[in-house]
1. Do any residues in the range 444-455 that are on the phi > 0 side of the Ramachandran plot have Cβ atoms under 6 Å from those of residues that are surrounded by fewer than 22 Cβ atoms within 10 Å (Cβ to Cβ) and assigned to a helix (DSSP H, G or I), where the two are at least six apart or on different chains, and which pairs are they?
2. Show the residue pairs meeting these rules: Cβ distance below 9 Å; 6+ apart or different chains; first residue within the range 63-76 and in contact (Cβ under 8 Å) with a residue 24 or more places away in the chain; second residue hydroxyl-bearing (Ser, Thr, Tyr) and not in a helix (DSSP H, G or I).
3. From (1) closer than 26 Å to Ser191 by Cα; (2) among the charged types (D, E, K, R); (3) assigned to a loop (DSSP other than H, G, I, E, B), pick out the condition that doesn't hold for Arg323.
4. Which members of the range 138-161 meet the condition of being over 14 Å from Pro99 (Cβ atoms) and part of a loop (DSSP other than H, G, I, E, B)?
5. Out of all the residues in the range 116-136, is one or more among the hydrophobic types (A, V, I, L, M, F, W, C), surrounded by fewer than 23 Cβ atoms within 10 Å (Cβ to Cβ) and in a loop (DSSP other than H, G, I, E, B)?
6. Confirm whether Ala463 is over 29 Å from the mean Cα position of the chain (by Cα), within 18 Å of Lys387 (Cα to Cα), of a type in the set (Gly, Ala, Ser) and assigned to a helix (DSSP H, G or I).
7. Which one of these is in contact (Cβ under 8 Å) with a residue 60 or more places away in the chain and part of a helix (DSSP H, G or I): Lys500, Lys495, Lys473?
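The values are calculated or read from the model by the stated rules, or taken from the named source; none is laboratory data. Treat the numbers as computed from the prediction; the structure is a model and nothing was measured. When we count neighbours, we look across all protein chains shown, and the Cβ atoms used for this are built from the backbone with ideal geometry, even at glycine.
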Amino acid sequence: MAPLKSESLPDDSDGYDVLEINRNKRSHYYYKYKLNDLIHSKPIRLQEAFQVFDEMQKVDRLAPSRFHFTLLITGCARMGFTEKAFDLFEMLLKRKWKPTDATITSLFNACAECDSSRLGLEKATFLREWLSENGIVCNSSQYNAMIKAFAKLGDMKTAFQIVNEMVENKQSTTTTTFNMLLMGCISNKESGLLCAIKIVKKMMFHRCPLNVHTYNLLLRAVRDCGVGSQEDLSRFLVEWYNEKPDPGNQTPIVERKLSTDDENIGESVKKLPFRLNFENNQLVTNEERILPPAPNLLTTSAVSLIGKVVSLDMESLKERSSRLQLIGGVEGVLSHMKLKNVNPSIKTFSLLLDSSPNTLEQENKLIQYVEENGVKLDTDIFNMIIKRRSFRGDTKSAINALVRMQANNLLPNVMTFGVLALACNTKKLGLQLIDDMDKAGFQINTETIGTLMAQACIKQDFAYILSIMKVMKEKKIAADASVVERLMITQQKVKNLLLKHEMGEKIADRFLSDDYAKNFRTFNLTFKQWLKEVDFQAEEPRFKQFDYEFKPSLREEELKFEQEIRKKIKQRIEAEMNA
């Protein structure tokens, strides 16, 4: 016979005050494997996991173990549901259980993925203090997760302190450790690139191997982060030149900080063996530029620049392509990877493409580098190329990229058609794309139809707009808020133009043609009715995962019925005994 309720959940307070018999009870092993499957599925099925977790307790009357809590905390960490992860942690502590190593790692990962840096730092700080108070010494994996959390949340000072703590506790700092610090640099959008370059140079000094992930993170810093102010860059170059650490001393990791006083920095700059020429605020005038206009800060020796002028245009460094030149450009990065025996991945080339000059020549050259390095081209990189060409209005080259993609035996996906839609600035091209998607077996989605509608609205082409509205209605494609907003704005713009014409102002002839007037009139007459006939796609809250009500299964209903019958039998027996 299965155990009684009181044996499974001794502190149960859900209202079941009689003994329960469940002869079809599932075991802890069933729930272990079920939860494991849901949490590690792609995409993660977190809502189902919480429903199963409830069912384990409410239907089969089983008390959860540490393993079950750890699985759910891992799932919450992957989704960035920090508060929910720590709610589970508190439930675990109330049961007087010591968290496993995996639990601690997942909790720090939950902090790292938190939407709110304030909340994430608050929880990460609490957890770090709790570990210290309870005398728990972290292992390398936990330290790395801790560094990742503080670094990604913008507290680089604490992240570096943790690295030094690792060394003091005889935990080895590995490539993973430094990669976690690089993640933190990326969170600093203003000057994260300089920090990332410093960390990579520090890795090389400590003879810590660089891997493809290291380079990819550095390239993300190039793409997403700036170099700060002119003073920040001057300070960086002074540090770069004066950096003479003792090779025998591997600690601390945090380097000496120079004075932040602008006057001191200015004096330090004057003592450099090379001279700086900032284009938008010149420190040196009437000097010749050197080519390239900036040194490769990963490899160039400061000594090699003696007597030269380093010309840095602070305004141009706001551009990704200019920042990429600070580490040697595409060729410099690939050469450095070869020097360090690191093979680039397709992700590396995607990131290089993101920061390359937006030209046809550069795109063709990058594809050539991919092939020369023996890396397999994929659909995603072609999608990026098509998107760039579409934004440039180079429809012909965008189509050529699609042809080359098919020549490499790569099939287009929904994203391919989505970026091609950017080039469809006429009704003919837009309807042709929809037809091509139908023939290829792809169902047009809200994003792609929204892009086509945006192109039609930019052109203020109501024949095109009406055609897309018709497709949306026929194919039952949901309209999101951005589509409706664009249509309303376009309608108002044209109304204003026609009003100006009535007041005697000159407007473009196309707005005055009979066909245009007819299409605009048709749009005005049908727009409100169309809004009622198409589906509307509302944006779901991110925390929808926990928005559910536990619904008792059929087995639980049977248990309630059985309980009620036993209660009635008991009452009848008592009544007969008292008669």
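1. Every condition considered, no pair remains.
2. Final answer for the pair search is Arg66/Thr100; Phe67/Thr100; Thr70/Thr100.
3. Answer for Arg323: the failing condition is (3).
4. Within the range 138-161, Leu153, Gly154, Asp155 meet the criteria.
5. So in the range 116-136, the residues among the hydrophobic types (A, V, I, L, M, F, W, C) come out as 119, 121, 124, 126-127, 130-131, 136.
If we keep only those that are surrounded by fewer than 23 Cβ atoms within 10 Å (Cβ to Cβ) too, we end up with 119, 121, 126-127, 130-131, 136.
Filter once more, so that each one left must be in a loop (DSSP other than H, G, I, E, B): 136.
Yes: the range 116-136 contains one or more residues that are among the hydrophobic types (A, V, I, L, M, F, W, C), surrounded by fewer than 23 Cβ atoms within 10 Å (Cβ to Cβ) and in a loop (DSSP other than H, G, I, E, B).
6. So Ala463 fails the test.
7. Details: Lys500 fails: in contact (Cβ under 8 Å) with a residue 60 or more places away in the chain; Lys495 fails: in contact (Cβ under 8 Å) with a residue 60 or more places away in the chain.
Unique residue meeting the criteria: Lys473.
Conditions tested, residue by residue: (1) within 16 Å of Ala463 (Cα to Cα); (2) surrounded by 14 or more Cβ atoms within 10 Å (Cβ to Cβ).
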{"residue": "Ile477", "(1), (2)": "no, yes"}
{"residue": "Asp480", "(1), (2)": "no, yes"}
{"residue": "Val484", "(1), (2)": "no, yes"}
{"residue": "Gln492", "(1), (2)": "no, no"}
{"residue": "Ser513", "(1), (2)": "yes, no"}
{"residue": "Ala517", "(1), (2)": "yes, no"}
